[in-house]
Amino acid sequence: MAKRHPGKPKSGSPAQDHPGRNQKRESPEAIRVPAIHDLAKRLRFAPQQGRIWLDDQRMMLMHISSLGALRQELIESLGKETARGLITRIGYQAGTRDAAMARKVRAGLNTYDDFLAGPQLVSLEGMVHCEPVALDIDVQRGHYFGDFYLVDSSEAEAHIAGYGIGNESVCWMLIGYACGYTSAFMGRPILWRETECRGMGHAKCRVVGKPVEEWEDAQDDLRFLRIGDFVKWAPEDEAPLPATSRIAARLSSAPENSFGVVGISAGFNTVCHMVNKVAPTDATVLFLGESGVGKEVFANNLHRLSKRADGPYVAVNCASIPEHLMESELFGVERGGFTGATTSRAGRFERADGGTLFLDEVGTLSFTAQGKLLRALQQGEIERVGDTRTRKINVRVVAATNVNLREAVKAGHFREDLFFRLNVFPIQVPPLRERRDDIPLMMNWFLQRMARKHDKHITGFRERAVDAMFAYDWPGNVRELENMIERAVILAEDGGALDLCHLFTSGEEVDTTAFMLKRSGSIGRVSETSEAESPPSAAKGRPGLAETEVAMLRAAVAEANGNLSRAARVLGISRPTLAYRLHKYGITPEAQ
């Protein structure tokens, strides 16, 4: 664990009052802030194209007065609570994106230089100048404590111009940024709070950050970071968040879902907003999205928020039922309706009467089944197999598919009339790779759930594991993330942290080509960008990436005495990945 606690805070300051901490006080200069040139050189202006770039992110210059006018209009039109939440979440998303860039730029450096890129980036972006007061980081054990002065906050300046000095802190976007940046860096939710603010008359602003569970009254601030009403930051805490709406009130007594509906990304926010809007109605809803994004979880929550919440919720996976049984499964069967039907049985539609019927993978239905489903939706009645009478039903249908139904209609694989009957209120659930802001929340959610499930104490994630989780493409989406963390919890030692060797064990491809040999002879990761941009003098005599990777592979295999599993653990990659790369370069373990 690395600790830096410079400066002597005033009596009663957050750093001094933090419990259980052996405070070593030094001069403010004790925290060495790294040079900013590695970040500054990634800021590029292209005025002929009307573009400003910070690394691979497009940026823009904005007048502080314009920011103040926008902020004031949000407050006046939406109310202070809603405006603060919106502005805080905008900051959060900016923080998570900067965290990804910081890890790329400063990969291979020490934890503090890596982390302090965030405070330097907000300075480079013209938001504020940060002065560290105390900093204590241990990613592996999930421990974090930070205390910073914010000097000359542009956000405070914009607020004071419109409202003057008040009695509440006003650096909402900066707080959101700090939460997003640190949560992404740590791989677990970190909450920041502003304890001093220029908007309250202080000379400069001051912020303190630590894990959510270490704050006694975290809910007071978490309400500004919550997206929709499905979010639970601390699943181990049985006490629900304050029921600020009918939705939260219903979910507070609902059982924990299997995915963990947590998130703060714009994509997640949109889905929650759409579910919130349509839930009180009886409209048919169609969830669209890749496999594993959590469509069934959202459908279940939609039912809980609806007027039918006290009625049954019946789910059926259309792909899992053989075609010749689909009709009897959906509509039921009368005794003697076909060979083997010795008793009458209600189908899924009847069992869902007065409630919600969820049809998952509806795109796999045969044309025959599609026609009978269409009739049930149009007429509001069904007929059991072998029966002579129809039965009225009162069912709200919610469907889901990972198939592009419009394309299926064009290809002649799906009925156009059924598509329009289902497509009353479509909701697109984005894949996890498009909502990476949600990854640290999900990592924390699943880690705690799986640790409880398997009765193990896991301290957190190693830094390289957090890097890999953000870099991975997640073809299996949230379901893959859940399975990966459960597998890692099982493999990890009790009382230890999750590492790459626990997470990526099933042949997942994680980019591990950017390595270099240090002067000490050990192998360390570097960013390809940093290496490519190194001055000629520094690059002279340095082997290329291919040569470096070959040297790295040979060294690891030799150190493991030809044991590929052990060599893979040394490198922090899976055994299949190691075997693939050895084959790629024609390296055999026996040759080492």
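Quick check, is GLU381 closer than 17 Å to ARG348 by Cα and modelled with pLDDT under 90?
Spelling it out, GLU381 is indeed closer than 17 Å to ARG348 by Cα and modelled with pLDDT under 90.
Listed here are the residues, each with its yes/no results for (1) of a type outside the set (A, V, I, L, M, F, W, C); (2) within 24 Å of PRO430 (Cα to Cα); (3) assigned by TED's automatic domain parsing to the domain that holds GLU327.
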residue: GLY347; (1), (2), (3): yes, no, yes
residue: GLY355; (1), (2), (3): yes, no, yes
residue: GLY363; (1), (2), (3): yes, yes, yes
residue: LEU377; (1), (2), (3): no, no, yes
residue: GLU381; (1), (2), (3): yes, no, yes
residue: ILE393; (1), (2), (3): no, no, yes
residue: THR401; (1), (2), (3): yes, yes, yes
residue: LEU405; (1), (2), (3): no, yes, yes
residue: ARG415; (1), (2), (3): yes, no, yes
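Let me confirm something: among GLU131, GLU125, which residue is of a type in the set (Asp, Glu) and in contact with a strand residue (DSSP E or B) (Cβ under 6 Å, 6 or more places away or on another chain)?
Of GLU131, GLU125, the one residue that is of a type in the set (Asp, Glu) and in contact with a strand residue (DSSP E or B) (Cβ under 6 Å, 6 or more places away or on another chain) is GLU131.
To keep it simple, each residue is scored yes or no on (1) free of Cβ contacts under 8 Å to residues at least 12 places away in the same chain; (2) of a type in the set (Lys, Arg); (3) more than 26 Å from GLU463 (Cα to Cα).
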{"position": "LEU86", "(1), (2), (3)": "no, no, yes"}
{"position": "ALA99", "(1), (2), (3)": "no, no, no"}
{"position": "ARG103", "(1), (2), (3)": "no, yes, no"}
{"position": "PHE115", "(1), (2), (3)": "no, no, no"}
{"position": "GLU125", "(1), (2), (3)": "no, no, no"}
{"position": "TYR181", "(1), (2), (3)": "no, no, no"}
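Can you confirm whether segment 122-138 contains a residue that is in a helix (DSSP H, G or I) and small (Gly, Ala, Ser)?
Within segment 122-138, one or more residues are in a helix (DSSP H, G or I) and small (Gly, Ala, Ser).
Which of the residues spanning segment 459-483 are among the hydrophobic types (A, V, I, L, M, F, W, C) and modelled with pLDDT under 90?
PHE461, ALA465, VAL466, ALA468, MET469, PHE470, ALA471
Determine, yes or no, whether ALA107 is in a helix (DSSP H, G or I) and surrounded by fewer than 21 Cβ atoms within 10 Å (Cβ to Cβ).
no
Condition check: touching a helix residue (DSSP H, G or I) at 6+ places or on another chain (Cβ under 9 Å), among the charged types (D, E, K, R) and under 23 Å from TRP53 (Cα atoms). Does ARG103 satisfy that?
yes
Among (1) modelled with pLDDT under 90; (2) surrounded by 19 or more Cβ atoms within 10 Å (Cβ to Cβ), where does ARG335 come up short?
Result: ARG335 fails condition (2) only.
For segment 126-148, which residues satisfy the criterion of being surrounded by fewer than 19 Cβ atoms within 10 Å (Cβ to Cβ) and out of contact with any helix residue (DSSP H, G or I) (no Cβ under 8 Å at 6 or more places or on another chain)?
Once the filter is applied, which keeps residues that are surrounded by fewer than 19 Cβ atoms within 10 Å (Cβ to Cβ) and out of contact with any helix residue (DSSP H, G or I) (no Cβ under 8 Å at 6 or more places or on another chain), segment 126-148 yields ASP138, ARG141, HIS143.
Let's see how each residue does on (1) over 27 Å from THR356 (Cβ atoms); (2) touching a strand residue (DSSP E or B) at 6+ places or on another chain (Cβ under 9 Å):
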site	(1), (2)
VAL385	no, yes
VAL409	no, no
GLU416	no, no
ARG433	yes, no
ASP438	no, no
LEU447	yes, yes
MET450	yes, no
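Please note which helices (runs of 4 or more DSSP H) are completely contained in segment 405-455 and include at least 3 residues that are modelled with pLDDT under 90.
Ranges flagged: 439-453.
So, in segment 543-558, of the ones that are over 17 Å from THR577 (Cβ atoms) and either in a helix (DSSP H, G or I) or aromatic (Phe, Trp, Tyr) (or both), which residue ends up modelled with the highest pLDDT?
The residue in question is ALA558.
Could you grab me the full set of residues in segment 58-83 that are exposed (fewer than 13 other Cβ atoms within 10 Å of the Cβ) and among the aliphatic types (A, V, I, L, M)?
Passing the criteria: MET60, LEU61, MET62.
Being surrounded by fewer than 23 Cβ atoms within 10 Å (Cβ to Cβ) and of a type in the set (Gly, Ala, Ser) is the requirement here; does ALA465 meet it?
no
Does GLY228 meet the test of being at pLDDT 95 or above and either of a type outside the set (Val, Ile, Thr) or in a strand (DSSP E or B) (or both)?
no
Quick check: anything in segment 506-525 over 25 Å from ASP38 (Cβ atoms), at pLDDT 80 or above and hydroxyl-bearing (Ser, Thr, Tyr)?
no
Restricting to segment 458-483, give me the number of residues that are of a type outside the set (D, E, K, R) and in a helix (DSSP H, G or I).
Residues that pass the stated criteria total 10.
Among GLU482, GLU463, which is the only one that is more than 21 Å from ALA568 (Cα to Cα) and in contact with a Phe, Trp or Tyr (Cβ under 9 Å, 6 or more places away or on another chain)?
GLU482
Could you tell me which residue of segment 182-202 is nearest to ASP217 (Cα to Cα), considering only residues that are buried (at least 20 other Cβ atoms within 10 Å of the Cβ) and of a type in the set (Val, Ile, Thr)?
Filtering segment 182-202 for residues that are buried (at least 20 other Cβ atoms within 10 Å of the Cβ) and of a type in the set (Val, Ile, Thr), the one nearest to ASP217 (Cα to Cα) comes out as ILE190.
Does segment 84-102 include one or more residues that are at pLDDT below 90, crowded, with 18+ Cβ neighbours inside 10 Å and outside any helix (DSSP H, G or I)?
The answer is no; no qualifying residue exists.
Can you tell me which residues in segment 446-478 are farther than 17 Å from ASP499 by Cα and of a type outside the set (Gly, Ala, Ser)?
ARG449, ARG452, LYS453, HIS454, ASP455, ASP473, TRP474, PRO475, ASN477, VAL478
Please enumerate the residues belonging to segment 389-427 that are of a type in the set (Phe, Trp, Tyr) and crowded, with 19+ Cβ neighbours inside 10 Å.
If the condition is that a residue be of a type in the set (Phe, Trp, Tyr) and crowded, with 19+ Cβ neighbours inside 10 Å, then PHE414 is the only one that fits.
The values are calculated or read from the model by the stated rules, or taken from the named source; none is laboratory data. Everything numeric here is computed off the predicted structure, so don't read it as measured data. In this analysis, Cβ positions are derived from the backbone assuming ideal geometry, glycine residues included, and neighbour counts consider all displayed protein chains.
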